[in-house]
Amino acid sequence: MKISTIKNTVLEAVRFCDAAAAVVTRAKKEQPVGNTSEWMEINYTKETAALRRASMDLTRALAKMRKDVG
């Protein structure tokens, strides 16, 4: 495993966490008053798209890290 591959994977993980935090923050702001449920339909185009993209990139980085033998 290469150090550069590990560093890239960590960066992708941080980017994913940041995107997830942005979605959660917006969901809390837009949650209807009195709604204490954890379930809420979340469809914020910009934020959820960024989260999905970060998720895909993290998946690829993790796969590369697992395959990286040299």
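Remarks
- Among residues of the range 32-61, those that are acidic (D, E) and modelled with pLDDT under 90, counted: 2
- Qualifying residue in the range 21-31 (condition: at pLDDT below 90, open to solvent by 70 Å² or more (accessible area, probe 1.4 Å) and outside any helix (DSSP H, G or I)): no
- Any hit, the range 1-8, residues being open to solvent by less than 60 Å² (accessible area, probe 1.4 Å) and modelled with pLDDT under 80: no
The values are calculated or read from the model by the stated rules, or taken from the named source; none is laboratory data. Owing to the predicted nature of the structure, the values given are computational and were not obtained by experimental measurement. Each accessible area value is taken on the protein alone, full model and side chains, heavy atoms only, with ligands, DNA and RNA left out. Shrake-Rupley method; radii C 1.70, N 1.55, O 1.52, S 1.80 Å.
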